[in-house]
Amino acid sequence: MDKLIIQGGARLQGEIRISGAKNAALPILAATLLATSPVTVCNMPHLHDITTTMELLGRMGLELTVDEKMNVHVDSSTIREFFAPYELVRTMRASILVLGPLLARFGRADVSLPGGCAIGSRPVNLHLQGLAAMGADLSVDGGYIRATAKRLKGVDLWMDLVTVTGTENLMMAATLADGVTVIRNAAREPEVVDLANCLISMGARIEGAGTDTLRIEGVDELHGTTYEILPDRIETGTYLVAAAMTGGNVKLKNTRPALLEAVLSKLTEAGAQITSGDSWIELKMDGRRPRAVSLHTSPYPGFPTDMQAQFTALNAMAEGTGVITESVFENRFMHVLELQRMGAQIKVEGNTAIITGVPQLKSAPLMATDLRASASLVLAGLVAEGATEVERIYHIDRGYETIEEKLSNLGAQIRRVPA
Ligand code: EPU
């Protein structure tokens, strides 16, 4: 397994290009199951989770090809299996996103139940409740969700909790249902909107994307399309925090500042100067040390849980004390123990971390535990004294395209070595 070695101390400078959003690409790949003619997906990020999803679709019999521009063409007419095996779902929970499309179009699906996960228990009960309300027959047998349905029917659904992939699964299922489905307390994340836009371009009738009420009128079939995935707001935010921590000045291109308001406002509070256009963001720190910030995570448009670990790392080296409350997942402070090994002063009480910045973090051998926790360790390594080694970086490869290349382009001393 590869590891990253980061020599701390370089101030990040320069420009990089942001990739397509992982959490939009995953549901959009699942949505290709709904189309009767081929779908082309552009701006696809080159990530491990994308490869896993393509493998999953390929095993079902779909034909997938990648052209020289890295656009992915998917033809679902060759499907022969309606099955998502444990070995793939275990490595990527988002595989559950095939359940809604398979049921809606083919009336059957056997999908492994995702197990526990490093950031919390993450059940899928709301996905299942919604599909059952739409008339699906569901049972759990041998660790698998076995689902069948004739034609799903449109219903009025109230989601007990705001769930991103839950909203996506049910929205996809509803596109081919008989009648109108209303999803209330729906997730408003930009990735949900991107999926809705892609489905609309396939012929779906969806209103209200980006609000908490989605109205989906089922149609008889969806057709192929060509769709470009929106930029990754979490990748964008991660590089901005990296720049702020190192006192750097960077420009990120091919991104969308409007998707990051909560994050940009916290970076400004930390002392960064931010300017932006429609598709770029520039952050200037001019060598200053950031100030600690307090925040609590919540569904969009609140502060994203996927940026919590990175801000924990920022607070660990910032001036002052910041209080971070994680209210989306119950166990998303795995990075704290590792940051403490670098000398960070962090006290965790329940779902709150109280972080008092130290003037200098120190390098240590570190172990990545989940995707965003791993990113926070890389950020800490960028400012630590000495060389930091981050192991188990397959977590990072799930969600950050060539992180060492992008950071090197900004002047970081970082390299990947086979462990
Ligand atoms: N929840 C339930 N029951 C359900 C579904 C969710 O209790 O049926 C709970 C979860 O346990 C959690 C909360 O609801 O406490 C919100 O979870 P959500 O369902 O929104 O999370 P998700 O859809 O599994 C997506 C992203 C995550 C991101 C979260 C929150 C994808 C593929 N994953 O997960 O991304 O953290 O939304 O924004 O879109 C990441 O990229 O690193 C990542 C973990």
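The values are calculated or read from the model by the stated rules, or taken from the named source; none is laboratory data. On a predicted model such as this, the values are computed, not experimentally measured, just so you know. Because the Cβ atoms are built from the backbone with ideal geometry, glycine has one as well, and the counts that use them run over all protein chains shown. Areas reflect the complete protein model, heavy atoms only, side chains present, ligands, DNA and RNA absent. Shrake-Rupley method; radii C 1.70, N 1.55, O 1.52, S 1.80 Å.
Residue count for segment 230-249 satisfying the condition of being touching a Gly at 6+ places or on another chain (Cβ under 6 Å) and crowded, with 24+ Cβ neighbours inside 10 Å: 0. Being outside any strand (DSSP E or B), free of Cβ contacts under 8 Å to residues at least 12 places away in the same chain and not small (Gly, Ala, Ser), is that true of even one residue in segment 333-356? Yes, segment 333-356 has at least one match.
Just one residue in the set Val328, Val348 is surrounded by fewer than 23 Cβ atoms within 10 Å (Cβ to Cβ) and farther than 28 Å from Pro231 by Cα; that residue is Val348.
Hey, could you check segment 97-124 for residues that are under 27 Å from Leu222 (Cβ atoms) and near the ligand (Cβ under 8 Å from one of its atoms) and say which is surrounded by the most Cβ atoms within 10 Å (Cβ to Cβ)? Restricting to residues being under 27 Å from Leu222 (Cβ atoms) and near the ligand (Cβ under 8 Å from one of its atoms), the top hit is Leu97.
Rundown of residues vs (1) more than 18 Å from the chain's Cα centre (by Cα); (2) within 16 Å of the ligand (Cβ to nearest atom); (3) buried (at least 18 other Cβ atoms within 10 Å of the Cβ), yes/no style:
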site	(1), (2), (3)
Thr181	yes, no, yes
Asp194	no, yes, yes
Ser201	yes, no, no
Val219	yes, no, no
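Taken across segment 302-313, residues that are among the charged types (D, E, K, R) and more than 23 Å from Val164 (Cβ to Cβ) do not occur at all. When the test is whether a residue is touching a strand residue (DSSP E or B) at 6+ places or on another chain (Cβ under 6 Å), under 25 Å from Ala174 (Cβ atoms) and aliphatic (A, V, I, L, M), Val66 does not pass it.
Taking segment 125-154 as the range and being surrounded by fewer than 18 Cβ atoms within 10 Å (Cβ to Cβ) and away from the ligand (no atom under 15 Å from the Cβ) as the test, the residues that pass are Gly135, Asp137, Ser139, Asp141, Gly142, Gly143, Arg146, Thr148, Lys150, Arg151, Lys153.
Condition check for Leu56 on (1) touching a helix residue (DSSP H, G or I) at 6+ places or on another chain (Cβ under 6 Å); (2) closer than 30 Å to Ala364 by Cβ; (3) of a type outside the set (Gly, Ala, Ser): one failure, at (2). For first residues located in segment 5-31 and away from the ligand (no atom under 16 Å from the Cβ) and open to solvent by less than 30 Å² (accessible area, probe 1.4 Å), partners that are part of a strand (DSSP E or B) and of a type in the set (Ser, Thr, Tyr) and lie 6+ apart or on another chain with Cβ distances below 9 Å form the pairs Ile5/Thr388; Ile6/Thr388; Gly8/Thr388.
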